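A.B. asks: Here it is, the structure in full.
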Amino acid sequence: MAIQGEVRSGHARAALIVAALFVAVRLIVLALGQRFDADNLTSWMQIADLALLREHLWRTLWYLHSQPPLFNLMIGLALRAGPAGFPWVIGVIYAIVTLGGILAVQALVRDLTGRPRLAFIVAAWLCVSPAVLLFSQKLYYDGLVPWLLCMALWGIHAGLARRSAGWLFFGFAALATTTLLRSMIHPALFVAVLAIALLAGAGLRRRVALAAALPAMAIGAVMLKNVVVFGSTALSSWAPLNVDHTTVDRLPLATRVAMIRDGRLSRFAVVQGFSPPPVYLAMLPPIPPTGEPSLDNLRKSTGEDNWNHILYTKIGAARTRDAMVGLAADPGGFAGVLATSLYHFNRPPSEFKGLERNRAVIAPWERAANAIVGLQPAAWLGRTDDPARTAAPLMQISLTALAGLLLFVAFGVSVCVRLIALLRARALANMAPALAIEAVLLLLGGWVIAISSSFDVWENNRARFDIGPVLTIGAVICAVRLYDRWRARRQTGQSS
């Protein structure tokens, strides 16, 4: 018992050091001039009309179909603090979630590799990483997603390992929060994670089910609302437009026009999937007003296009069919899209657009980190925003990111091999908790890689940030196991 107490004390001390480092780094960048950047508050298409969020928050969320509701709920509540207080309120939320996620990464790496010092190094790097510093100070939901996913992983892992309903509830609540924040984290993932936890929860399956019940009900309530109001369970009405973006939109205009004449594509295929309301309304019969401003207005009160217009709920079926036809018509083109997506996936997330203001404050550190830690050739030749820096594509790839992705793939193969062995032995219901959390790591990482590569394309380094900590955990596990095998073989060879 005394040894266990010392171990726990050591773990707590390491976590406190990481937290202190996190706070110290934040104070330093604050002194240097970094501030929470919300300059996209009026322009970002994911954010609803600010006037409606201020004056009719709950009604606006009820009629929100373009996105899951939590991001706009957070913004709407923070707007109550006023223009001066808003960035500070949001900044504190982002900082707390980021720190919680970093501590979850530390605990997961520690438990899954048995190497506390390595876990500390990984967590310490996340505290100073330029990408983390930038995304945690920008009004993108990407500043929250990776850390909520890691807290979900830790909660489920701790719940299964310690047989704790409280930790299980924390994990499933964090996963549900991510689902209702970012549409890429699909409700199907929640169901799959729950299934894995039930398989690994021998003796506590009732507790697993009860812990997941309330978070599942929250997701289900939003989906039910969307069925009642819009006739669809989808958390985002933009899903068909995302698929169009990488399939039918890539076809030459003349080809699309010919396929429309042949009846293979809808009349909408002549325009880009993500076209603003006036473009689609000109191609539709008159739509009766709903009486709800967030659904009827062509523009927000700030003059930006209203991407939550009711028309997007009416064109989804046709645009989905267009995407499938476009994919079948040019599978080679889609393969090229995937290759382009994976290229951008391995570029440093700190180079993502919209981060320029705060990136300028830490430009020397961002360049040094991408060059030395990220092993990005272009970073050795200039800063990210230097127009004279080489634009050669291969020079933009982070070799460290690419190596991490390959290690995660190897990690995934090893997980699949063990799962198949259990399945053949008909022992899947006896899955160990450690294997279960590795299966969840693979599920989340693989899902985001597949979805982001299919839809995000030129913005895919942002998706890399969304799933980066999950990939890092899997890659570190794989690297440790490879090292252990190499060392064991070396020792065996020396002894013989």
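A quick yes/no check of all residues on (1) modelled with pLDDT under 95; (2) touching a helix residue (DSSP H, G or I) at 6+ places or on another chain (Cβ under 8 Å); (3) surrounded by 18 or more Cβ atoms within 10 Å (Cβ to Cβ); (4) part of a helix (DSSP H, G or I):
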position: Glu6; (1), (2), (3), (4): yes, no, no, yes
position: Ala12; (1), (2), (3), (4): yes, no, no, yes
position: Leu16; (1), (2), (3), (4): no, no, no, yes
position: Val25; (1), (2), (3), (4): no, yes, no, yes
position: Leu53; (1), (2), (3), (4): no, yes, yes, yes
position: Trp58; (1), (2), (3), (4): no, no, no, yes
position: Ile93; (1), (2), (3), (4): no, yes, no, yes
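A.B. asks: Report yes if Val191 is open to solvent by 10 Å² or more (accessible area, probe 1.4 Å) and over 30 Å from Gly468 (Cα atoms), otherwise no.
C.D. replies: no
A.B. asks: Scan region 375-389 for residues that are surrounded by fewer than 22 Cβ atoms within 10 Å (Cβ to Cβ) and at negative phi and jot them down.
C.D. replies: Pro377, Trp380, Leu381, Arg383, Asp385, Asp386, Pro387, Ala388, Arg389
A.B. asks: Return the total of residues in region 272-324 being of a type in the set (Asp, Glu) and in a helix (DSSP H, G or I).
C.D. replies: 2
A.B. asks: Could you tell me which residue of region 218-271 is farthest from Gly332 (Cα to Cα), considering only residues that are without any contact (Cβ under 8 Å) to a residue 24 or more places away in the chain and not in a helix (DSSP H, G or I)?
C.D. replies: Filtering region 218-271 for residues that are without any contact (Cβ under 8 Å) to a residue 24 or more places away in the chain and not in a helix (DSSP H, G or I), the one farthest from Gly332 (Cα to Cα) comes out as Thr233.
A.B. asks: Would you call Asp456 among the charged types (D, E, K, R) and under 18 Å from the mean Cα position of the chain (by Cα)?
C.D. replies: The answer is yes for Asp456.
A.B. asks: Please determine, by comparing only the residues of region 196-224 that are of a type outside the set (A, V, I, L, M) and within 18 Å of Ile185 (Cβ to Cβ), which one is nearest to the chain's Cα centre (by Cα).
C.D. replies: Only one residue tops the list, namely Pro215.
Table: residues versus (1) open to solvent by 10 Å² or more (accessible area, probe 1.4 Å); (2) under 22 Å from Ala216 (Cα atoms).
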| site | (1), (2) |
| --- | --- |
| Phe120 | yes, no |
| Trp125 | yes, no |
| Val132 | no, no |
| Ser136 | no, no |
| Leu149 | no, yes |
| Ser164 | yes, yes |
| Phe170 | yes, yes |
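A.B. asks: Confirm whether Thr302 is under 26 Å from the mean Cα position of the chain (by Cα), of a type outside the set (D, E, K, R), surrounded by fewer than 16 Cβ atoms within 10 Å (Cβ to Cβ) and over 23 Å from Asp330 (Cβ atoms).
C.D. replies: Numbers: under 26 Å from the mean Cα position of the chain (by Cα): no; of a type outside the set (D, E, K, R): yes; surrounded by fewer than 16 Cβ atoms within 10 Å (Cβ to Cβ): yes; over 23 Å from Asp330 (Cβ atoms): yes.
Considered against the rule, which asks whether it is under 26 Å from the mean Cα position of the chain (by Cα), of a type outside the set (D, E, K, R), surrounded by fewer than 16 Cβ atoms within 10 Å (Cβ to Cβ) and over 23 Å from Asp330 (Cβ atoms), Thr302 comes out as no.
A.B. asks: Within region 29-50, can you find the residues that are modelled with pLDDT under 95 and among the β-branched types (Val, Ile, Thr)?
C.D. replies: Thr42
A quick yes/no check of all residues on (1) touching a helix residue (DSSP H, G or I) at 6+ places or on another chain (Cβ under 7 Å); (2) open to solvent by 70 Å² or more (accessible area, probe 1.4 Å):
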| position | (1), (2) |
| --- | --- |
| Thr255 | no, no |
| Asp262 | no, yes |
| Pro278 | no, no |
| Pro285 | no, yes |
| Glu292 | no, no |
| Asn306 | yes, no |
| Arg321 | no, yes |
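A.B. asks: Has region 62-81 got any residue that is of a type in the set (D, E, K, R) and under 26 Å from Val132 (Cβ atoms)?
C.D. replies: Scanning region 62-81 turns up no residue that is of a type in the set (D, E, K, R) and under 26 Å from Val132 (Cβ atoms).
A.B. asks: Touching a residue at least 24 places away in the same chain (Cβ under 8 Å), open to solvent by 40 Å² or more (accessible area, probe 1.4 Å) and in contact with a helix residue (DSSP H, G or I) (Cβ under 6 Å, 6 or more places away or on another chain): which single residue out of Leu160, Leu199, Leu181 fits that description?
C.D. replies: Every option except Leu199 fails the conditions.
A.B. asks: Another question about this same structure. Could you please tell me which pairs satisfy a Cβ distance under 6 Å, a separation of 6+ or placement on different chains, a first residue in region 77-103 that is hydroxyl-bearing (Ser, Thr, Tyr), and a second residue that is open to solvent by less than 20 Å² (accessible area, probe 1.4 Å) and not in a helix (DSSP H, G or I)?
C.D. replies: Tyr94/Ser136; Thr98/Ser136
The values are calculated or read from the model by the stated rules, or taken from the named source; none is laboratory data. All values reported here derive from a predicted model rather than from experimental measurement. Virtual Cβ from ideal backbone geometry, glycine too; neighbours counted across all protein chains shown. Ligands, DNA and RNA are excluded from the accessible area calculation, which covers all protein heavy atoms including side chains. Shrake-Rupley method; radii C 1.70, N 1.55, O 1.52, S 1.80 Å.
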